[in-house]
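To start, the structure itself, in structure tokens.
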Amino acid sequence: MKLLVIGGGGREHALAWRLAQSPRVQTVYVAPGNGGTALADNMQNLEISATDELIAFARQEKIAFTVVGPEAPLAAGVVDAFRNAGLKIFGPTRAAAQLESSKDYAKAFMVRHQIPTAAYQTFTDPALAKAYITGQGAPIVVKADGLAAGKGVVVAMDLAQAHEAIDMMLGDGSFGEAGARVVVEEFLSGEEASFIVMCDGQHVLTLATSQDHKRLQDNDQGPNTGGMGAYSPAPVITPALHNRIMREVINPTLAGMAKDGNPYTGFLYAGLMIGDGPDATRSLKVLEFNCRMGDPETQPIMMRIKNDLTEVFELALNGNLDQANIDWDRRTALGVVIAAHNYPGTPRTGDVIHGLPDDTPDCVIFHAGTRLDGDELKTSGGRVLCVTALGDSVKRAQATAYAAVAQTRFDGRQYRSDIGWRALPGGSA
Ligand code: AMP
Ligand code: GLY
């Protein structure tokens, strides 16, 4: 079979890599892909992004099914368009993707269906927003309503910072439509975890737990990024918490979407804040929903899947996810992101990448911001690579990943040296 993966980051490389290992797969097309998918034996990059061209390609090549990586095409309705064309595609409809594409929609949805989340109010008027912020006090969180490529959240430690965020988002229009409304939200403290499931509109299949590292520098210092590394499993999610998350968050979310007339299909990612205390009573709140898998969480998660992923997608696409089962590698998978100079600001591109080690069964290098220029591999984006390793312990996975990181060189590279610290004994906040 031939498959299509939409997207070009590390998440899409990891999805394509796992799918391409199925003996049933001839070629995984990746649109647009990156340097890593260009180099892989049974993958092929496609220089197209317009939905109608993707549909024409899928028809012509008899693509068995399409998997969508990023949120933007989902929010733009790529799933609706493929389905209308009679093509199989895994992801939420445009209406269901509002769980990510509108923070206001997601918050109102959670309140309506009693899903635990931070208290909030939505504003379009800057003066009213600021008055509310002053009344609430800091710390407080300001979020642009729409998709803002990871730049739409300000965790303000004082009132001045919060007011400034209001001016930035509601004020000068630099956020465009995404900033036409803001959500002002109660600050939550605790430990964050990513809980990702697959849904077919009726049934749910939970994926392995994971955690990422959002800050640029060691010890969770520096600016927020898309994620500088991730690992799976996340020890903070004990079996007791797992059950609570299903009961208190995932099941009511899927039931609520169905009840609202938007049955959810696709990956659903709940970003959770878990407070301190015993598992039965510690606070558990949804920070955000994403209508896709996480990046870089996908990279370690894909490393741990042992069975044929094409079969899991087929069950999902046929509404039979209750029959699906994933055979998880019991080891820890840990991915270290190597980012370009100046990331998370505008990254420098065009740096030549040297010394990239070959993949081994225990260590795979997923590409994101890379491209092939002749036979040179060059940086082409902020997050460049995610070196992902399996190990019998977090420490062993770290050792394998960092040995490969050390060999990979390009000018201005940045990476954290402490990915996984929370999962080490005594590491948890
Ligand atoms: P989001 O895009 O909503 O996940 O926000 C990005 C990041 O901002 C999260 O991963 C958290 O680190 C932080 N954040 C978001 N909402 C809150 C909140 N209510 N309290 C504290 N931190 C938050
Ligand atoms: N790593 C966070 C995200 O994918 O949203």
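Worth pointing out:
- Here Pro23 fulfils each of the conditions (1) open to solvent by less than 50 Å² (accessible area, probe 1.4 Å); (2) part of a loop (DSSP other than H, G, I, E, B) apart from (1).
- Some residue of region 234-245 being buried (at least 22 other Cβ atoms within 10 Å of the Cβ), closer than 17 Å to Gln299 by Cα and in contact (Cβ under 8 Å) with a residue 40 or more places away in the chain: yes
- Selection within region 115-142: residues that are under 21 Å from Gly190 (Cα atoms) and either among the polar types (S, T, N, Q) or modelled with pLDDT under 90 (or both). The member of this set that is surrounded by the fewest Cβ atoms within 10 Å (Cβ to Cβ) is Gln136.
- From the list Arg59, Arg11, the one residue that fits, being more than 18 Å from the chain's Cα centre (by Cα), assigned to a helix (DSSP H, G or I) and of a type in the set (Lys, Arg), is Arg59.
- Residues of region 263-281 classified as assigned to a loop (DSSP other than H, G, I, E, B) and either within 15 Å of ligand 1 (Cβ to nearest atom) or modelled with pLDDT of 95 or more (or both), total: 4
- Flag if Gly426 is open to solvent by less than 40 Å² (accessible area, probe 1.4 Å) and assigned to a loop (DSSP other than H, G, I, E, B): no
- Qualifying residue in region 152-160 (condition: modelled with pLDDT of 95 or more, away from ligand 2 (no atom under 16 Å from the Cβ), under 27 Å from the mean Cα position of the chain (by Cα) and crowded, with 19+ Cβ neighbours inside 10 Å): no
- Candidates Ala131, Ala138, Ala97, Ala118, filtered to the one that is in contact with a Leu (Cβ under 7 Å, 6 or more places away or on another chain), farther than 24 Å from Asn290 by Cβ and among the aliphatic types (A, V, I, L, M): Ala138
- Among the residues examined, Asp279 does not qualify as without any contact (Cβ under 8 Å) to a residue 60 or more places away in the chain, within 16 Å of ligand 2 (Cβ to nearest atom) and open to solvent by 30 Å² or more (accessible area, probe 1.4 Å).
- Restricting region 83-112 to residues that are over 25 Å from Ala148 (Cβ atoms) and of a type outside the set (A, V, I, L, M, F, W, C) leaves a set whose member that is most open to solvent (accessible area, probe 1.4 Å) is Asn84.
- For region 319-335, the criterion of a residue being touching a Ser or Thr at 6+ places or on another chain (Cβ under 7 Å) and farther than 21 Å from Thr225 by Cβ is satisfied by at least one position.
- Asp351 being farther than 28 Å from Val197 by Cβ, modelled with pLDDT of 95 or more and away from ligand 2 (no atom under 16 Å from the Cβ): yes
- With respect to the conditions (1) of a type outside the set (Val, Ile, Thr); (2) in contact (Cβ under 8 Å) with a residue 60 or more places away in the chain; (3) farther than 29 Å from Lys395 by Cα, Glu191 lacks only one, and its number is (3).
- Selection of region 312-370 for residues being open to solvent by 70 Å² or more (accessible area, probe 1.4 Å), touching a residue at least 60 places away in the same chain (Cβ under 8 Å) and among the hydroxyl-bearing types (Ser, Thr, Tyr) yields an empty set.
- Odd one out for Ala31, checked against (1) open to solvent by 10 Å² or more (accessible area, probe 1.4 Å); (2) modelled with pLDDT of 95 or more: (1)
- Note on region 32-61: residues that are in contact with a helix residue (DSSP H, G or I) (Cβ under 6 Å, 6 or more places away or on another chain) and either closer than 22 Å to Ile365 by Cα or aromatic (Phe, Trp, Tyr) (or both) total 5.
- Only one of Gly294, Gly256 that is under 16 Å from the mean Cα position of the chain (by Cα) and either modelled with pLDDT of 95 or more or assigned to a loop (DSSP other than H, G, I, E, B) (or both): Gly294
- Among the conditions (1) surrounded by fewer than 17 Cβ atoms within 10 Å (Cβ to Cβ); (2) within 16 Å of ligand 1 (Cβ to nearest atom), the only one that Phe289 does not satisfy is (1).
- Residues (without any contact (Cβ under 8 Å) to a residue 60 or more places away in the chain, open to solvent by 30 Å² or more (accessible area, probe 1.4 Å) and under 20 Å from Val28 (Cα atoms)) located in region 58-82: Arg59, Gln60, Glu61
- Count of residues meeting criterion [modelled with pLDDT of 85 or more, open to solvent by 70 Å² or more (accessible area, probe 1.4 Å) and among the charged types (D, E, K, R)] in region 168-203: 3
- Val79 under 19 Å from Leu254 (Cβ atoms) and more than 21 Å from the chain's Cα centre (by Cα): no
- Among the residues of region 34-54, those identified as in a helix (DSSP H, G or I) and open to solvent by less than 20 Å² (accessible area, probe 1.4 Å) are Gly35, Gly36, Thr37, Leu54.
- Counting the residues of region 373-388 that are under 21 Å from the mean Cα position of the chain (by Cα) and open to solvent by 10 Å² or more (accessible area, probe 1.4 Å) gives 4.
The values are calculated or read from the model by the stated rules, or taken from the named source; none is laboratory data. Since the model is a prediction, treat every value here as computed from it, not as a measurement. Methodologically, a virtual Cβ is constructed for each residue, glycine included, from the backbone with ideal geometry; neighbour enumeration extends over all protein chains shown. Accessible surface areas use protein heavy atoms only, side chains included; no ligands, DNA or RNA. Shrake-Rupley method; radii C 1.70, N 1.55, O 1.52, S 1.80 Å.
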